[in-house]
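**Q** Dropping a structure here in structure tokens format, bear with me for questions.
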């Protein structure tokens, strides 16, 4: 089997830049709906850093994250390691291999941003094929593998959130009052 060659091209530069900007704008709109516009405005600024940007341009293909393509090619992604260590809306940020409690509970404001981010990612990569259950279907495929790095209460909360989006839609679920109610039900209010 012939190994695929990856390289940085001017076309991939602009295509990747467009996807990042489109994703960030969708996150911003959802964050405004959730009552956290500032987080939406500064969301994923690290994607423009050289570490993240150039690897993503090199592995860009347009239908899913270029970081996944990089991991398939070389086994890891420097861009992902950089990204998850700087963005608290990723549950991986809250995992500590050396701590007595390995997976910490994500504070409410970052849970809100996580919801906006993941829904926006699904919308960005699926385009017109995105449906209300897209994120739930994706989450159900990766939950078992990734769930061990997430606090069990957060796994339940995230699952319920995507179930509610699938059932009721974004307009009903993605707002501060609804998300706060879910958070308090599954996590409590001491982590806000």
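The values are calculated or read from the model by the stated rules, or taken from the named source; none is laboratory data. Quick caveat: nothing in here was measured; it's all calculated off a predicted structure. Glycine also receives a Cβ, built like all others from the backbone with ideal geometry; neighbour counts cover every protein chain displayed.
**Q** Please state which of the following conditions residue 172 fails to meet, knowing it meets all the rest: (1) part of a helix (DSSP H, G or I); (2) within 28 Å of residue 96 (Cα to Cα); (3) free of Cβ contacts under 8 Å to residues at least 12 places away in the same chain.
**A** The number of the failed condition is (2).
**Q** Name the residues in segment 106-132 that are surrounded by fewer than 21 Cβ atoms within 10 Å (Cβ to Cβ) and either touching a strand residue (DSSP E or B) at 6+ places or on another chain (Cβ under 6 Å) or in a loop (DSSP other than H, G, I, E, B) (or both), would you?
**A** Correct list: 107, 130, 131, 132.
**Q** So which of 19, 27 ends up being over 30 Å from residue 181 (Cβ atoms), within 17 Å of the chain's Cα centre (by Cα) and surrounded by 14 or more Cβ atoms within 10 Å (Cβ to Cβ)?
**A** Every option except 19 fails the conditions.
**Q** Same structure, new question: In this structure, does residue 140 turn out to be more than 24 Å from residue 181 (Cα to Cα), within 16 Å of the chain's Cα centre (by Cα) and assigned to a helix (DSSP H, G or I)?
**A** no
**Q** Okay, next question. Taking segment 55-74 only, how many residues are in a helix (DSSP H, G or I) and surrounded by 14 or more Cβ atoms within 10 Å (Cβ to Cβ)?
**A** Of segment 55-74, the ones in a helix (DSSP H, G or I) are 55-58, 66-74.
Pick out the ones that are also surrounded by 14 or more Cβ atoms within 10 Å (Cβ to Cβ) and you get 55-58, 66-67, 69-71, 73.
Residues meeting the conditions: 10.
**Q** Can you find, within segment 30-54, the residue that is nearest to residue 112 (Cα to Cα) among those that are under 17 Å from the mean Cα position of the chain (by Cα) and not in a helix (DSSP H, G or I)?
**A** Selected residue: 36.
**Q** Hey, another quick one. Over 22 Å from residue 21 (Cβ atoms), in contact with a helix residue (DSSP H, G or I) (Cβ under 8 Å, 6 or more places away or on another chain) and free of Cβ contacts under 8 Å to residues at least 24 places away in the same chain - does that describe any residue in segment 85-94?
**A** Checked against the condition, which is being over 22 Å from residue 21 (Cβ atoms), in contact with a helix residue (DSSP H, G or I) (Cβ under 8 Å, 6 or more places away or on another chain) and free of Cβ contacts under 8 Å to residues at least 24 places away in the same chain, segment 85-94 yields at least one hit.
**Q** Of everything in segment 75-92 that's part of a helix (DSSP H, G or I) and surrounded by fewer than 17 Cβ atoms within 10 Å (Cβ to Cβ), which residue is modelled with the lowest pLDDT?
**A** Filtering first and then ranking leaves 92.
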